[in-house]
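One structure below.
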Amino acid sequence: MFMNLKTRRTYRYIIFKIDEQTGMVKVEKEAGPKATFEEFQENLPEAECRYAVIDYPFKDKEGCQKTKIFFVSWSPEISKVKSKMLYASSKEKFRRELDGVHLELQATDDSEIDTQAFLDKCM
């Protein structure tokens, strides 16, 4: 699925959830190429941790349209401590499996996943 996002641009984003019973990372939601950044933000749960990859479109300093693939580690301040620990301890292993990610963003609240946060990383 990630390879389709990376090479075929079949998805705009994929959100992953760790099954706390099995410890396995599973796809929770995927969105097609027409999905918006706002939809991505809305699909990250307010009080639960998640991983995500997003093909983020932006214009560079010369005005050329480009995209960067981001790995997002979403760990809200109000999520359970056990969940935060599980996601933190699994992050590097899972991230290594996603060959081709350009940038990484770790966020704990909405202000850290706004368009400016992504643009700052792209420039």
Being in contact (Cβ under 8 Å) with a residue 40 or more places away in the chain and assigned to a loop (DSSP other than H, G, I, E, B) is the filter here; which residues of region 1-37 pass it? Arg9, Tyr11, Arg12, Glu20, Gly23
With the structure loaded, tell me whether Glu39 is closer than 23 Å to Ile78 by Cα, modelled with pLDDT of 95 or more and open to solvent by 50 Å² or more (accessible area, probe 1.4 Å) or whether it fails that test. yes
The lone exception for Val81 - which of (1) touching a residue at least 40 places away in the same chain (Cβ under 8 Å); (2) surrounded by fewer than 13 Cβ atoms within 10 Å (Cβ to Cβ) it fails: (1)
In region 97-114, which residues are closer than 13 Å to Val72 by Cα and either open to solvent by 30 Å² or more (accessible area, probe 1.4 Å) or part of a strand (DSSP E or B) (or both)? His102, Leu103, Glu104, Leu105, Gln106, Ala107, Thr108, Asp109, Asp110, Glu112, Asp114
Does region 51-65 hold any residues that are in contact (Cβ under 8 Å) with a residue 40 or more places away in the chain and outside any loop (DSSP other than H, G, I, E, B), and which are they? Tyr51, Val53, Ile54, Asp55, Tyr56, Phe58
Looking at (1) open to solvent by less than 50 Å² (accessible area, probe 1.4 Å); (2) in contact with a helix residue (DSSP H, G or I) (Cβ under 7 Å, 6 or more places away or on another chain); (3) within 26 Å of Ser89 (Cα to Cα); (4) not hydroxyl-bearing (Ser, Thr, Tyr), can you tell me which one Phe58 breaks? (3)
Mind telling me which of the residues Ala52, Ala47 ends up being open to solvent by 20 Å² or more (accessible area, probe 1.4 Å) and of a type in the set (A, V, I, L, M, F, W, C)? Ala47
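The values are calculated or read from the model by the stated rules, or taken from the named source; none is laboratory data. Since the model is a prediction, treat every value here as computed from it, not as a measurement. Here the Cβ is made from the backbone with ideal geometry for all residues, glycine too, and neighbour counts use every protein chain on show. Just so you know, the surface numbers come from the protein's heavy atoms only, side chains and all, with ligands and any DNA or RNA stripped out. Shrake-Rupley method; radii C 1.70, N 1.55, O 1.52, S 1.80 Å.
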